[in-house]
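Undergrad: Below is one structure. I have some questions about it.
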Amino acid sequence: MARRGRRADHTRKTRTQRPRVQGILQVMRPGRAQVKTAEGTFMVARRGLREAMNGDEVQVSLVPMHGRKGDPVAYVQSVVQRACVEFVGTYGTADPLGVVVPLDGRLGHDFFVLPEDVSAEALSVGEGDVVRARIVEYPSRTSAGIVTIVQRLGSSEELDLGVETIVASHGLAVEFPSEALVEAERVMARVDEALQSDRTRRDLRGIACVTIDPADARDFDDAVGARQVEGGFEVDVHIADVTHYVPWGSSMDLEARRRTCSTYLVDRVLPMLPERLCNDVCSLRPGEDRLAMTVRMRLDERCGLVEAELCQSAIRSKARLSYDEVDAWLAEGVRPAISDELCQMLGILDRVARLRMRIRAERGAIDFETTECKVSLDESGRPVGIVRRKRTRATSLVEEAMLLANECVAKRLAGAGVPTAYRVHERPAPEDLATCVPMLRELDLLRGIGEEALVAAEPHALQEVLMRARGTGGEVLVNALLLRAQKRAIYLPHNDGHYALGARAYCHFTSPIRRYPDVLVHRALKRLLSGLPPATDVERSLSQLCRTCSEQERVADIAARESQNYKIAQYYAERIGERYSGVVVGCEKFGLFVVLDDTGAEGLLPTRALGEEWFSYDAERMRLTGSFTGRVWRPGRHVVVRVSDTEPARGRIEFALA
């Protein structure tokens, strides 16, 4: 008995002596969280969150995993500083209390409205309404959280709760601070005034250029122009001069830094800048004078770069064209309502794009063929169709011009040793590419290439594999496999080149309306052109800004994809039992992933739907084999399926064999 008492006393002492560190809590999903500290990032134990919520600064104790090697797990001991002040949730009642359930499941707690609080009544909030609530008292180990309601956003019938939940779950900013909106309303274009006050700004309003964007675009941040000249071509890329109107440290700038990018959801855009700027003053609308940052490039007959001039400018776009209009002209001869000069210019840009693609391929650029599913919605937000968006001659025409402009700017900044937000893509790790080899061997795509070259990330080896897969049943899978093996491109304050583009220096310069790294690049370029050294206040913040931009870009991409998947699943929820053809693009122990031919929607064909037999799973070759029939299911196989079930809230579609 005494021995047991000593052991218990020793355990208590050990617990009190465990190291404690402070960090920021990040909840990935309910029940799974990590804490980022100066000592590293640690997973939080399953029941170690206690009263903490996502984003809080917390003090944690680090406890070794019993009987396991590796990093210790964290247990929250106290909350140092709260991150969440307000949140969006659904309102209900539990007499005599009101209850607000956060749409962001990462907050992990329901909150109550006290009986004496009349905010719900004053705002005419009813059962099931979506509200914005302000936290009055945070949850603790002994009491629940308390809130007061500050705004009624709408009923569940008026709002799309699925999309609202995605917005809340990723902490996306919806409303701009009043200070930023007031600043934006004061902004005027004043192009003539800018030309008079800065003699270095070029007046290019008489030189032809056009904007080319998706048909539903409202913010036009780039315009292109081209001419054929003796010995080659001249190509102009004009980019909205956002930084002329958004000074460093202004309310608009601080909010743009917080957002870092625009988020394109299925039913709305959450812009980085107030609408007054992104859809008006800075938007390169046709027939209106606008300030720009311009890259004027001289190319030889093969479209190799001869020289580039970078300058501040004033321009006037001659037309606003959609990708569909340009494709119809280039591929079918259906002329848009523009002049002969502009039609000829589109042909020149198309020719330049094809030559530039050849040059990039020769130097080792790797182009992955990806398709994007875009859901069409009616006025009520109901999905009525799905379109597969692929690369076309029109999109390539714009893309190649932007890639070249980005490279010219990055080369100039890097050559001068200017720190800014460079776009960096590292070579993939050999072990990641090695995992692709068995499947590529199974598809007979490595013959004559050499597995060693592929694993060593030799660009031309990857190019050859992608080319061989093109047009086959394994094309989607091969693109996905090799893309998954790539490292994610990030922003860094120094240049390290871009592997996939085969570029020695690269940055994002062409979308300052919707990306903050482009704003940083514009500011750095302006100072370089003016002969000024880098701004010390910007330079001090650069590493953190690059890190935040990289992280928030990933969040925006995930939210956009989740919102599309939600509506895609909603679309097929009304088509249960319908038959579709598709191709298997992935294989797991629990089933096959199938992409439908007509829409590109992806769903799961579970193993249980393949037949009344046991299936063995070969992870290396990515295939399922029936124990009785010997039938083999693997990527690349064409199937006919019917929709058997959907779960829109999770973006899930389930198929059965037809």
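The values are calculated or read from the model by the stated rules, or taken from the named source; none is laboratory data. In this text the structure is predicted, and so the values were computed from the model without any measurement. We place every Cβ from the backbone using ideal geometry, glycine too, and count neighbours over all the protein chains shown. Keep in mind that these areas ignore ligands, DNA and RNA; they rest on the heavy atoms of the full protein, side chains included. Shrake-Rupley method; radii C 1.70, N 1.55, O 1.52, S 1.80 Å.
Undergrad: Taking N as the number of residues in the chain, what is its Cα Rg relative to 2.2 N^0.38 Å? It would help to have the intermediate numbers written out before the result.
TA: Numbers: Rg = 27.9 Å, N = 658, 2.2 N^0.38 = 25.9 Å.
Against the empirical 2.2 N^0.38 Å value, I get 1.08 for the chain.
Undergrad: Which order do the peptides 223-230, 567-574 come out in when sorted by mean C-beta neighbours inside 10 angstrom, highest first?
TA: 567-574, 223-230
Undergrad: Show me, bin by bin at 5 Å from 0, the whole-percent P(r) of segment 226-268 based on Cα pairs.
TA: Per 5 Å bin, starting at zero, the Cα-Cα P(r) for segment 226-268 comes out as 5, 16, 14, 14, 11, 12, 9, 9, 8, 3 percent.
Undergrad: Which value, to two decimals, describes the C-alpha radius of gyration of segment 352-463 once divided by 2.2 N^0.38 Å? Before the final figure, lay out the partial values.
TA: Values: Rg = 19.1 Å, N = 112, 2.2 N^0.38 = 13.2 Å.
In units of the 2.2 N^0.38 Å rule of thumb, it is 1.45.
Undergrad: A further question follows. Assign unit charges at the C-beta atoms only (+1 for Lys and Arg, -1 for Asp and Glu), then state the dipole size of segment 43-164 relative to its Cα centre in Debye, rounded to the nearest 20. Mind dumping the intermediate values first?
TA: Details: 11 positive and 18 negative charges, 203 e Å.
So the magnitude is around 980 debye.
Undergrad: Pop out the carbon and sulfur fraction of the accessible area of segment 366-433 as a percent, whole number, probe 1.4 Å.
TA: Answer for segment 366-433: carbon and sulfur cover 45 percent of the accessible area.
Undergrad: Report the Rg/Rh value for segment 412-502, based on alpha-carbon coordinates and the Kirkwood definition of Rh. It would help to have the intermediate numbers written out before the result.
TA: Values: Rg = 15.4 Å, Rh = 14.3 Å.
When Rh is taken as the Kirkwood radius, the ratio is 1.08.
Undergrad: Sorted by packing (mean other beta-carbon atoms within 10 Å per residue), highest first, where do 534-541, 601-608 land?
TA: On the way: 534-541: 13.6, 601-608: 19.4.
Highest to lowest by the protection proxy: 601-608, 534-541.
Undergrad: Shifting gears a bit: One-quarter of the Cα convex hull surface for segment 41-173, in nm²? Don't skip to the end; give the middle numbers.
TA: Details: hull surface 38.1 nm².
Averaged projected hull area, Cα only: 9.5 nm².
Undergrad: How much accessible area per residue does the chain have, in Å², with a 1.4 Å probe?
TA: Accessible surface, normalised per residue, equals 49 Å².
Undergrad: Can you tell me, using C-alpha contacts under 8 Å and at least 6 residues apart, the relative contact order of segment 447-528 as a whole percent? Don't skip to the end; give the middle numbers.
TA: Numbers: 38 pairs, mean separation 10.6, N = 82.
After rounding, I find 13 percent.
Undergrad: With an 8 Å cut-off on Cα pairs and a minimum separation of 6 or more residues, tell me the relative contact order of the chain in percent. Kindly include the intermediate steps, with their values, before the conclusion.
TA: On the way: 1309 pairs, mean separation 65.2, N = 658.
RCO, the chain: 10 percent.
Undergrad: Still on this structure, please answer the following. Compute the relative contact order of segment 537-658 as a whole-number percentage, counting only Cα pairs closer than 8 Å that sit 6 or more residues apart in sequence.
TA: Relative contact order of segment 537-658: 29 percent.
Undergrad: Taking the alpha carbon gyration tensor of segment 273-328, what are the square roots of 5 times its eigenvalues, largest first, to the nearest whole Å? Could the numbers behind the result be given before it?
TA: On the way: eigenvalues 135, 67, 19 Å².
With the √(5λ) rule applied to segment 273-328, the semi-axes are 26, 18, 10 Å.
Undergrad: Mind ranking 583-590, 363-370 by how tightly packed they are, going by the mean number of other C-beta atoms within 10 angstrom, highest first?
TA: Put in order of decreasing packing, that is 583-590, 363-370.
Undergrad: Can you work out the base-10 log of I(q)/I(0) for segment 500-591 at q = 0.13, 0.22, 0.23, 0.26 1/Å, using the Debye formula on its C-alpha atoms alone?
TA: Here log10 of I(q) over I(0) equals -0.71, -1.24, -1.29, -1.38.
Undergrad: One-quarter of the Cα convex hull surface for segment 304-406, in nm²?
TA: 9.6
Undergrad: Let me ask something else. What is the mean projected area of the alpha carbon convex hull for segment 217-357, to one decimal in square nanometres?
TA: 10.3
Undergrad: Are there DSSP H segments in the chain that both extend 30 Å or more along their axis (alpha-carbon positions) and score a mean Kyte-Doolittle hydropathy of at least -1.0? List them, or say none.
TA: 340-362, 393-415, 536-573
Undergrad: Leaving ligands, DNA and RNA out of it, report the carbon-plus-sulfur percent of the accessible area of segment 187-308 at a 1.4 Å probe.
TA: Here it works out to 45 percent.
Undergrad: Here's a follow-up. If the viscosity is 0.692 mPa s and the temperature 37 °C, what translational diffusion coefficient in µm²/s does Stokes-Einstein give for segment 538-658 when Rh comes from Kirkwood over Cα pairs?
TA: 203
Undergrad: When the accessible area of segment 571-658 is split by element with a 1.4 Å probe, what percent falls to carbon and sulfur?
TA: 48
Undergrad: I would also like to ask the following. Only Lys, Arg, Asp and Glu count, each charged at its Cβ (+1, +1, -1, -1), so figure out the dipole size of the chain about its Cα centre, rounded to 20 debye.
TA: Its charge dipole is roughly 2860 debye.
Undergrad: Using +1 at the Cβ of each Lys and Arg and -1 at the Cβ of each Asp and Glu in segment 236-370, identify which of V237, L277, C261 lies farthest towards the dipole's positive end.
TA: Towards the positive end, the residue furthest out is C261.
Undergrad: Which value at 222 nm does the chain reach when only helices count, each DSSP H run of 4 or more adding -39,500 (n - 2.57), with the total divided by all residues and rounded to the nearest 500 deg cm²/dmol?
TA: Working: 16 runs with 199 residues, N = 658.
Dividing the helical sum by the residues of the chain leaves -9500 deg cm²/dmol.
Undergrad: Gap in Å between the Cα centre of segment 191-223 and the Cα centre of segment 431-476?
TA: So the two Cα centres are separated by 44 Å.
Undergrad: Give the accessible area for H109 in Å² (nearest 10); use a 1.4 Å probe, count only protein heavy atoms, and leave out ligands, DNA and RNA.
TA: It works out to around 50 Å².
Undergrad: Restricting everything to alpha-carbon atoms, can you work out Rg to Rh for segment 142-242 with a Kirkwood hydrodynamic radius? Walk me through the numbers before you get to the answer.
TA: Numbers: Rg = 23.3 Å, Rh = 19.6 Å.
Across segment 142-242, the Cα-based Rg/Rh ratio is 1.18.
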